[in-house]
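The values are calculated or read from the model by the stated rules, or taken from the named source; none is laboratory data. All figures in this text were calculated on a predicted structure; none of them were measured in a lab. Cβ placement follows ideal geometry from the backbone for every residue including glycine, while neighbour counts extend to all protein chains displayed. Side chains are part of the model used for accessible areas, which takes the heavy atoms of the whole protein and leaves out ligands, DNA and RNA. Shrake-Rupley method; radii C 1.70, N 1.55, O 1.52, S 1.80 Å.
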Amino acid sequence: GWCPLSPAGTQSTQLLVEPPWRPAVVWDQVTLTCQGSGTAGATTWYKDGQRWGKEGPDHLNVTEKGTYTCERPGTGLSPPVRVMHDWLVLQVPARALLEGDTVTLRCRR
């Protein structure tokens with residue numbers, strides 16, 4: 001997986017993507033993991049702004065396209081992750097990229 005960068009000392013909810021490529025595509029068998037403080041198993045999932053399923057596990061196996069977010073007690077709502085179902089997708093690594101970095105691109109069809 002990958003480790004998102006956040007300012008030192010901040011507590012926030014993060015949504016990790018596996019495999020670690022953006023945009024994520026449904027046919028990659030995407031797993032989302034919600035990370036934050038608070039009680040394990042108290043994650044609330046949202047898809048396209050609507051509550052998605054019951055409060056529960058920190059992992060979600062994605063089977064439908066949409067924009068997903070998660071919420072953890074104490075650290076709030078994560079940034080959104082978009083999962084697509086397009087036939088042709090150009091993907092970049094799901095991490096912070098800086099000018100001058102060598103980047104591997106994936107063209108998926």
Which net charge results for the neighbourhood of P23, defined as the other residues with beta-carbon distances under 12 angstrom from its beta-carbon, given Lys and Arg at +1 and Asp and Glu at -1?
+3
W52 and E64 label points (each 7 Å along its Cα→Cβ direction) are spaced in nm at 0.9 nm
At a 1.4 Å probe, what is the % contribution of carbon and sulfur to the accessible area of the chain?
53 percent
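Cα gyration tensor of the range 14-108, axes a ≥ b ≥ c as square roots of the eigenvalues: rounded (a/c below 1.5), prolate (a/b > b/c) or oblate? Kindly include the intermediate steps, with their values, before the conclusion.
On the way: a/c = 2.55, a/b = 1.55, b/c = 1.65.
Note, shape of the range 14-108 comes out oblate.
Using a 1.4 Å probe, what is the accessible area per residue for the chain, in Å²? Walk me through the numbers before you get to the answer.
Working: 6880 Å² over 109 residues.
Here the residues of the chain average 63 Å² of exposed surface.
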Give the accessible area for T102 in Å² (nearest 10); use a 1.4 Å probe, count only protein heavy atoms, and leave out ligands, DNA and RNA.
130 Å²
Sorted by accessible surface (1.4 Å probe, heavy atoms of the protein chains only), largest first, L32, L60 come out as L60, L32
Sequence of W52, W21, W45, W87 from largest to smallest accessible area, 1.4 Å probe
W87, W52, W21, W45
Classify the range 55-109 as rounded, prolate or oblate, taking a ≥ b ≥ c as the square roots of the eigenvalues of its Cα gyration tensor: rounded when a/c is under 1.5, otherwise prolate if a/b is larger than b/c and oblate if not.
oblate
